[in-house]
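Visitor: Before I ask anything, here is the structure I am working with.
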């Protein structure tokens, strides 16, 4: 059962007080006080448990006006509504009481129904207002909350049509890490400090809000500050001086509001946030303007996301194969499976665009599985046709290792299509290994035990740890093309390619060089002892039918010999 | 309890609107009526007028007005009103003693009313 709401009746006259109490006590718990001083004592005891005060304005000891002014000045009590009871014989008392913060008045003689209704509606009004107030301000920083900011920003812009405004927002890089390392109170102190700094900058020229976590959004007049990396670098430095949290890096996004565009405030904020996000991780870059490119990028991503499931069902994704050759003999000895998207309307889609998106949204696991299955089907088909059994490399994304029971799926495929697991080479990028070595070492180790071949892709493109290399369950080291290209540009004695080849061989790993683009590169790789080569100079990725022809030719040559 | 209504209206009160204020509860009315006789304001008004303390007289009369209004004691209420306004304006020319005397007379009637009501109700 809900306890009754409490009403404090402050009235010096016993009869009037008893009457009020009897009117109210069917619906409320009535607390009584004979004068202002007593009433303050009751307030001190119950604080905001009291829903409303009914106050007689003329009383001994402490009159109603004094009481009212004390209550309204004390933040603990100020929100408790006060209804003043007056004599109904002149406006002056009523006006004076209302001007001192009374919510309403009731006259004598009392009209119970009117009193009950006024009391109920004022309590209701204050409770609603209190709720709105909670959302109005962010509890931590005291800035506006998101919803209230949207509303106020709209009004601000509308009221000042002659002025130009921008939406400026900020994100803190790795804020979760800050909370984790320095503790939540330190993170909170940092946020409060940022709120203060923003309030100083924006001042009367706009409004600030704390959306959530580390996101702040301000509406400010266009020419209050000059946006530049120098300016934001200064603000960033100021923020670093606030608390014990050091090396805080913020990214700002600016959306310049144009009256020509009819964009809702919510969207303006999204766009500013998008601009801030676009420079995430870029050292020395503090701010970015929102522009249409970013928006188009986002729209494009959305289009791809909308289409991807359907594309998979309709088999718009096609497996292409890039031949792999033995360096010494130039003999075809395998292939790497690459996915191509041929959309019925958009045509050929760049993997450089959709693969990173699928990696982000998780769809990559479905696509990878699709490719694995297609590759297994191809290998099976070639086996049926009596073609040479070569291995094919497929990509294993980092998400695959977490999302699915990888070993079961791959084992299942190999069994279904009657393939030796060694025919399937699994490529995992070097960066995946360095980010979560334990999990990946375990999973890949298990797959290797099942007989699958494990390749480290893109070796040399990121940080390489020789120590880790030693612990990894690996069969093949695949050298990144950019690494090869830059090493090739150096004189032989200065490069470290030979060292890497020797190291790999010492560890019993085969080395595959990707991205071979010239005869020169090919010869050099041969000299260095690279086992296998792959690249445009030798053969581009091709549809499976074309690759099958290569296989058939290969066997024909063999037969002739 | 129909006697209550008759007695009250014979006195000059408006039964319906007054008892409406007490949620129709005659027992509650009588309980508060009894408190009325313990109220100090009648005596305070008398002594304030005697001592020519007009501010105190106004405050007492003002309170009395509120209480009698609430109790629906219309004739006494009217008599009190007659003194409240000049006291509020503090014109210095009013014969307050005479006005107070009229209030006393009405007060006496109210005392009788109370006796009638309590006898009638068998209290």
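Throughout, read-outs are computed from the coordinates displayed, never taken from laboratory work. Predicted model only: the values in this text are computed from it and were never measured. Neighbour counts run over all protein chains shown; Cβ positions are idealised from the backbone, glycine included.
Visitor: Label points 7 Å out from Cα along the Cβ direction at residue A:127 and residue A:291: separation in nm?
Guide: Rounded to a tenth, the inter-label distance reads 5.5 nm.
Visitor: Same structure again: Let me check against my output: what whole-number percent is the relative contact order of segment A:83-160, with C-alpha pairs under 8 Å and at least 6 apart? Kindly include the intermediate steps, with their values, before the conclusion.
Guide: Values: 47 pairs, mean separation 15.6, N = 78.
The value is 20 percent.
Visitor: Now for a different question. If I take every Cα pair under 8 Å that is 6 or more residues apart in chain A, average their sequence separation and divide by the length, what percent do I get for the relative contact order? Mind showing how you got there, number by number?
Guide: Details: 850 pairs, mean separation 43.6, N = 561.
Relative CO of chain A lands at 8 percent.
Visitor: Roughly speaking, what is the stretch gain from residue A:176 to residue A:536, that is 0.36 nm per residue apart minus the C-alpha to C-alpha distance, in nm to one decimal?
Guide: Details: separation 360, 0.36 × 360 = 129.60 nm, distance 4.39 nm.
Taking residue A:176 through residue A:536 to full extension adds about 125.2 nm, to one decimal.
Visitor: Can you tell me the FRET efficiency between residue A:305 and residue A:340 if r is taken as the Cβ-Cβ distance and R0 is 22 Å, rounded to the nearest 0.05? Let's see the in-between values first.
Guide: Working: r = 19 Å, r/R0 = 0.85.
That pair, residue A:305 with residue A:340, gives E of 0.75.
Visitor: Does anyone have the angle between helix A:437-449 and the longest principal axis of chain A? Alpha-carbon axes, 0 to 90°, nearest 10?
Guide: Compared with the principal axis, the helix lies near 40 degrees.
Visitor: Please report the spacing between the Cα centers of segment A:504-559 and segment A:253-306 in Å, no decimals.
Guide: 44
Visitor: If each residue of separation counts as 0.36 nm, what is the full-extension length gain between residue A:225 and residue A:470 once their alpha-carbon separation is subtracted? Numbers along the way, then the final one.
Guide: Values: separation 245, 0.36 × 245 = 88.20 nm, distance 5.42 nm.
Length difference between fully extended and current span is 82.8 nm.
Visitor: Give me the log10 of I(q) over I(0) for chain B at q = 0.11, 0.14, 0.23 Å⁻¹, as the Debye formula computes it from C-alpha points; what are the numbers?
Guide: At q = 0.11, 0.14, 0.23 Å⁻¹ the computed log10 ratios are -0.38, -0.59, -1.29.
Visitor: Which distance in nm do the two modelled labels at residue A:37 and residue A:388 give, with both placed 7 Å along the Cα-to-Cβ direction?
Guide: The two pseudo-label positions are separated by 10.9 nm.
Visitor: Turning to a different aspect of this structure: Which semi-axes, in whole Å and largest first, does the equivalent ellipsoid of segment A:123-201 have when worked out from the alpha carbon gyration tensor as the square roots of 5 times its eigenvalues?
Guide: On the way: eigenvalues 150, 90, 18 Å².
Semi-axes from the Cα gyration tensor: 27, 21, 9 Å.
Visitor: One quarter of the convex hull surface, Cα atoms only: what value does that give for segment B:45-86 in nm²? Kindly include the intermediate steps, with their values, before the conclusion.
Guide: Numbers: hull surface 10.3 nm².
Average of the hull's projected areas for segment B:45-86 equals 2.6 nm².
Visitor: Another question about this same structure. Return the whole-Å distance between the Cα centroid of segment A:340-418 and the Cα centroid of segment A:16-64.
Guide: Distance between centres, Cα-based: 77 Å.
Visitor: Here's another thing I want to ask about it. Could you calculate the contour length gain from residue A:234 to residue A:45, that is, 0.36 nm times the residue separation minus the distance between their Cα atoms, to one decimal place in nm? Could the numbers behind the result be given before it?
Guide: Details: separation 189, 0.36 × 189 = 68.04 nm, distance 4.92 nm.
Answer, rounded to one decimal: 63.1 nm.
Visitor: Across peptide B:20-33, what mean number of C-beta atoms from other chains lies inside 10 Å of a residue's C-beta?
Guide: On the way: counts 3, 10, 5, 5, 0, 1, 0, 0, 3, 1, 0, 3, 6, 1.
What the average comes to for B:20-33 is 3.
Visitor: How many nm separate the modelled label positions at residue A:262 and residue A:482, each set 7 Å beyond the Cα in the direction of the Cβ?
Guide: 4.5
Visitor: Separate question: Can you tell me the 0 to 90 degree angle between the C-alpha axis of helix A:265-277 and the longest principal axis of chain A, rounded to 10?
Guide: 40
Visitor: Tell me the Rg and the Dmax, in Å, that the Cα atoms of segment A:313-400 produce.
Guide: Reported Rg and Dmax, both Å: 14.6, 44.
Visitor: Got the relative contact order for segment A:370-526 handy, in percent, Cα pairs under 8 Å and 6 or more residues apart? Walk me through the numbers on the way to the answer.
Guide: Values: 192 pairs, mean separation 26.9, N = 157.
In percent, rounded to a whole number, it is 17.
Visitor: Go ahead and run the numbers for FRET between residue B:98 and residue B:38, Cβ-Cβ distance against an R0 of 25 Å, rounding to 0.05. All intermediate terms of the calculation are to be shown ahead of the outcome.
Guide: On the way: r = 27 Å, r/R0 = 1.07.
Step by step, r from the Cβ atoms, then E = 0.40.
Visitor: Going by a ≥ b ≥ c, the root eigenvalues of the Cα gyration tensor, does segment A:314-357 fall in the rounded group (a/c under 1.5), the prolate group (a/b larger than b/c) or the oblate group? Walk me through the numbers on the way to the answer.
Guide: Working: a/c = 3.74, a/b = 2.61, b/c = 1.43.
Prolate shape, in that a/c is at least 1.5 and a/b is the bigger ratio.
Visitor: Further question on the same structure: Ignoring solvent entirely, what values of log10 I(q)/I(0) come out of the Debye formula for segment A:317-553 at 0.09, 0.14, 0.16 Å⁻¹ when each Cα is a single scatterer?
Guide: -0.37, -0.94, -1.25
Visitor: With r defined as the distance between the Cβ atoms of residue B:118 and residue B:23 and R0 fixed at 25 Å, what FRET efficiency is calculated, to the nearest 0.05? Kindly include the intermediate steps, with their values, before the conclusion.
Guide: Numbers: r = 20 Å, r/R0 = 0.80.
After rounding to 0.05, the efficiency reads 0.80.
Visitor: Let a ≥ b ≥ c be the square roots of the eigenvalues of the Cα gyration tensor of segment A:1-151; is it rounded (a/c under 1.5), or, if not, prolate (a/b larger than b/c) or oblate? Mind dumping the intermediate values first?
Guide: On the way: a/c = 1.80, a/b = 1.63, b/c = 1.10.
Prolate.
Visitor: What list of whole percents do you get for P(r) of segment A:146-290, with Cα-Cα distances grouped in 10 Å bins up to the one holding the largest distance?
Guide: The percentages, shortest bin first, are 12, 44, 33, 9, 1.
Visitor: At what distance in angstrom do the alpha carbon centres of segment A:80-120 and segment B:60-108 lie from each other?
Guide: That distance is 23 Å.
Visitor: For chain A, what value does the Rg/Rh ratio take when both radii are computed over Cα atoms and Rh is the Kirkwood radius, given to two decimals? Can you show the working numbers first?
Guide: Values: Rg = 36.7 Å, Rh = 30.4 Å.
The Rg/Rh ratio comes out at 1.21.
Visitor: Helix A:519-528 sits at what angle to the longest principal axis of chain A, using alpha carbons and giving 0 to 90 degrees rounded to 10?
Guide: 80
Visitor: Now for a different question. Please work out the ratio of the alpha-carbon Rg of segment A:441-505 to 2.2 N^0.38 Å and round it to two decimals. Let's see the in-between values first.
Guide: Details: Rg = 13.4 Å, N = 65, 2.2 N^0.38 = 10.7 Å.
Normalised Rg, Cα atoms only: 1.24.
Visitor: Okay, which of segment A:48-77 sit inside 19 Å, backbone N to the point 7 Å along the Cα-Cβ direction of residue A:99?
Guide: It comes to A:57-58, A:63-73, nothing else.
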